[in-house]
Amino acid sequence: MSSALLPGRLGLAEARIPHADRHGLIWLARGNLYVEDGTLRFLAAESDDLKAGNYAIPYQGVSLILLGPGTTVSHDALRILARHGTLLAAVGEGGVKFYTAPPMGQGRSEIARQHARLWADETARLDVARRMYAWRFGKILPHKDIAVLRGIEGARLKETYRIVAQQYGVPWKHRRYDRDNPTDADLPNQAINHAATFMEAAADIAVAAVGALPPLGFIHEDSSNAFTLDIADLWRAEVTLPLAFSVARKAMDDPSIVLERELRREAARWLRKHQVIPKMIDRIKELLQCP
């Protein structure tokens, strides 16, 4: 859990706290989010992340509340969150799915405007893309043609697939993905498909939390969540592929394992263990040159 839950009553302040002065996310699962005597509360069942109990939620001091599986939310809770500009989203276990976008704005537009400025300027857009490639490759590439950079990325990624597959003892031929029939692939490719989907959901959460613009990608284009894909790809070699191939190896050794279910469970654990979403949030702010 990214922010502490506070015992006792918090009450409601008249003024909103600016999002720039708020701190992170609150993850809630398996319980009921409701209002009692003007205080937002969460009646939690026992879970791996939270002991059973009734918690007061410091909603005015956080940017985004994430509701995991097994949660319900009252109308009064939605009203209070909307009044104070606190974002709310439903997510899968550990952030492996992003089911709803936050239903209200953050009360500020600095990050969105900065994102738009960088994207609209062709020179700045290329600089941002080169910075993302530098993070992924460990060095700044001299090339200033996005097509050339994408070609280099493709070649390096092919080698990364081979190396990580070898590390986990997974037979590997080549990357294959058919959008119209995603299950028509070998088990390692199916594992990558699932793991990539879960990482995109994590990036969706991070992008929403900072108020950036999902359609304005610097490497990806056309997609309505192009920037989300940009951010997810920053963790492809570090998290996505090791996650995919580790579970693929388990599924090969034990045919009773349901691949998607096991990957979903492991992805939730990896996202928590490696603090992926908080790191994504920090990286987005750094990338867009925002505090």
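Bear in mind these aren't lab numbers, they're just calculated from the coordinates by the rules spelled out. The model shown is predicted, which means the values in this text are computed figures rather than measured ones. When we count neighbours, we look across all protein chains shown, and the Cβ atoms used for this are built from the backbone with ideal geometry, even at glycine.
Please go through the residue pairs K250/K279; K97/K158; K139/K250; K51/K273; K51/K250 and name each one whose alpha carbons sit more than 25 Å apart in this structure. With Cα atoms farther than 25 Å apart: K250/K279; K97/K158; K139/K250; K51/K250.
Comparing A120, A165, A56 in a Gaussian network model of the chain where C-alpha atoms under 10 Å apart are linked, the largest mean-square fluctuation is found at A120. Extension gain, S47 to D145, is 30.3 nm, computed as 0.36 nm per intervening residue step minus the present C-alpha separation.
Rg/Rh for the stretch 110-257 (Cα atoms only, Rh after Kirkwood) is 1.00. Shape call for the chain from the C-alpha gyration tensor, a ≥ b ≥ c root eigenvalues: rounded (a/c under 1.5), prolate (a/b greater than b/c) or oblate? In terms of gyration-tensor shape, oblate. Extents of the stretch 137-178, taken as max minus min of Cα coordinates on every principal axis and listed largest first, are 37, 27, 10 Å. The distance between label points at D282 and R265 comes to 3.1 nm (points 7 Å beyond Cα on the Cα→Cβ vector).
Label sites at I152 and Q167, each approximated as a point 7 angstrom past Cα along Cα to Cβ, lie 2.2 nm apart.
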